[in-house]
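The values are calculated or read from the model by the stated rules, or taken from the named source; none is laboratory data. Predicted model only: the values in this text are computed from it and were never measured. Cβ: placed from backbone, ideal geometry, glycine included. Neighbour counts: every protein chain shown.
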Amino acid sequence: MNYVLRGIGVLATVGTLSLLAFSLPSGGEARGDGGGDDLMPRLTHKNWQQECASCHLAYSPALLPKSSWRRVMGGLEQHFGENASLDPATQADILRFLEANAADSGRSRIGDKVMQRMDTKAAPLRITETRWFVKKHDEVPRATWARTSVGSAANCAACHRQAEKGVFDEDTVRIPK
Amino acid sequence: MIKRIAGAGLMLLSAHALADSPANFMARYAQAAGVAVTALSPARGEALYRGEHPGKNGAKQSCASCHTASPKQAGQTRVGKRIEPLAPAANPQRFTDAAKVEKWFRRNCTDVLARECSAQEKGDFIAWLNQLK
């Protein structure tokens, strides 16, 4: 009887602890970025992946500084011409994740490279406005961006066929006609 | 103590089992609009879906601009990402999550109509989508 009760106690404790672990706000997890700037840091964060990726690729937080992400997340009601508003709790959760992994967080090689070319006070709203992005794409003619198969420079996956996996190296690029 | 733990477990399970459905949303929106469910109009819902409004750069826009002329087909966001079909017949995940439904009505009514949609309009809209076979 005693053992049975003790067993139930142990099970209840383990159950409560695991419930607690799953209900804690997800902080995101950096697991290294492969060392180059063709591979985005591998990150997981439920709200970032669910919310940001419902309309576009979940752009890596490492591509803009914290000050940019604050501007982006502070203006979701007019997000590049569309209403992308969120409830305050989800918005705050995503911003925390973006700040923790931003270009100037020192947590990724790619972020360091983005910052090397950034003015210290700059807080661009678009990744495509960063000098790092412009330099990386300087061989792509303007007409290519305008193709209907590409749509816009926001559509990474049009050419970077493995963008969803965070892979951006040149071998995986196929520019559509 | 044990009973209380078992009770909490049951409550968690039943919360999961009670997923929302298009019919639940129709009932809820009808109630909020102060009308009977039978007073919801699929025809008005379709008119809302196809209605054109002034958009960016002088172009006209409607729900169909992104969701295509047929809500049973997949659409595309402005930056080329796939939008799963809106009609429950083609996508059983639709209208099963209250937070999601309210979020997208809020965003998309503001974008397309430049105002929020009324409870009556939301009810009509789902009534139309839900009877598509």
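Filter the stretch B:93-112 down to the residues that are more than 10 Å from every other protein chain (Cβ to nearest Cβ) and either more than 16 Å from residue B:26 (Cβ to Cβ) or at pLDDT below 95 (or both) and list them by number.
The one that is more than 10 Å from every other protein chain (Cβ to nearest Cβ) and either more than 16 Å from residue B:26 (Cβ to Cβ) or at pLDDT below 95 (or both): B:93.
Within the stretch B:102-118, can you find the residues that are buried (at least 16 other Cβ atoms within 10 Å of the Cβ) and not basic (Lys, Arg)?
Once the filter is applied, which keeps residues that are buried (at least 16 other Cβ atoms within 10 Å of the Cβ) and not basic (Lys, Arg), the stretch B:102-118 yields B:105, B:108, B:109, B:110, B:111, B:112, B:113, B:117.
Identify all residues within the stretch B:1-47 that are of a type in the set (Lys, Arg) and either at pLDDT below 55 or out of contact with any helix residue (DSSP H, G or I) (no Cβ under 7 Å at 6 or more places or on another chain) (or both); write none if there are none.
Going through the stretch B:1-47, the residues of a type in the set (Lys, Arg) turn out to be B:3-4, B:28, B:44.
Result: B:3, B:4, B:28.
Any chance you could count how many residues in the stretch A:39-57 are buried (at least 18 other Cβ atoms within 10 Å of the Cβ) and either within 14 Å of chain B (Cβ to nearest Cβ) or assigned to a loop (DSSP other than H, G, I, E, B) (or both)? Explain how you work it out, then say what you get.
Looking only at the stretch A:39-57, we keep the residues that are buried (at least 18 other Cβ atoms within 10 Å of the Cβ), and these are A:39-41, A:43, A:45, A:47-48, A:51-52, A:55-57.
Now drop any that are not either within 14 Å of chain B (Cβ to nearest Cβ) or assigned to a loop (DSSP other than H, G, I, E, B) (or both), which leaves A:40-41, A:43, A:45, A:47, A:51-52, A:55-57.
Count: 10.
Cβ contacts < 8 Å: first residue on the phi > 0 side of the Ramachandran plot, restricted to the stretch B:112-131; second residue in a helix (DSSP H, G or I) and of a type outside the set (D, E, K, R), any location; separation 6+ or different chain. Result?
none
How about the stretch B:66-89: which of its residues are free of Cβ contacts under 8 Å to residues at least 40 places away in the same chain and away from chain A (no Cβ under 12 Å)? If you could, list the steps in order and put the result at the bottom.
Here is the first cut: in the stretch B:66-89, the residues free of Cβ contacts under 8 Å to residues at least 40 places away in the same chain are B:66-70, B:73-85.
Those that are free of Cβ contacts under 8 Å to residues at least 40 places away in the same chain and away from chain A (no Cβ under 12 Å): B:67, B:68, B:69, B:70, B:73, B:74, B:85.
Name the residue that is nearest to the other protein chains (Cβ to nearest Cβ), counting only residues in the stretch A:88-129 that are in contact with a Lys or Arg (Cβ under 8 Å, 6 or more places away or on another chain) and over 16 Å from residue A:58 (Cβ atoms).
A:125
Hey, can you tell me all the residues within the stretch A:113-132 that are in a helix (DSSP H, G or I) and buried (at least 16 other Cβ atoms within 10 Å of the Cβ)?
Residues of the stretch A:113-132 in a helix (DSSP H, G or I): A:113-116, A:127-129, A:131-132.
Within the stretch A:113-132, A:113, A:114, A:115, A:127, A:132 qualify.
Looking at the stretch A:78-99, I want the residues that are not assigned by TED's automatic domain parsing to the domain that holds residue A:68 and have a partner that is in a strand (DSSP E or B) with Cβ atoms under 8 Å, at least 6 apart or on another chain. Which pairs are those?
Final answer for the pair search is none.
Just to verify a result, which residue in the stretch B:113-133, among those that are within 14 Å of chain A (Cβ to nearest Cβ) and of a type outside the set (D, E, K, R), is farthest from residue B:54 (Cα to Cα)?
To start, the set of residues in the stretch B:113-133 that are within 14 Å of chain A (Cβ to nearest Cβ) comprises B:113-117.
Now restrict to residues that are of a type outside the set (D, E, K, R): B:113-114, B:117.
Values: B:113: 8, B:114: 9, B:117: 17 Å.
Among residues in the stretch B:113-133 that are within 14 Å of chain A (Cβ to nearest Cβ) and of a type outside the set (D, E, K, R), the one farthest from residue B:54 (Cα to Cα) is B:117.
Results for (1) assigned to a loop (DSSP other than H, G, I, E, B); (2) at pLDDT 90 or above, shown as yes or no for each residue.
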position: A:134; (1), (2): no, yes
position: A:143; (1), (2): no, yes
position: A:151; (1), (2): yes, no
position: A:154; (1), (2): yes, yes
position: A:157; (1), (2): no, yes
position: A:171; (1), (2): no, yes
position: A:176; (1), (2): yes, yes
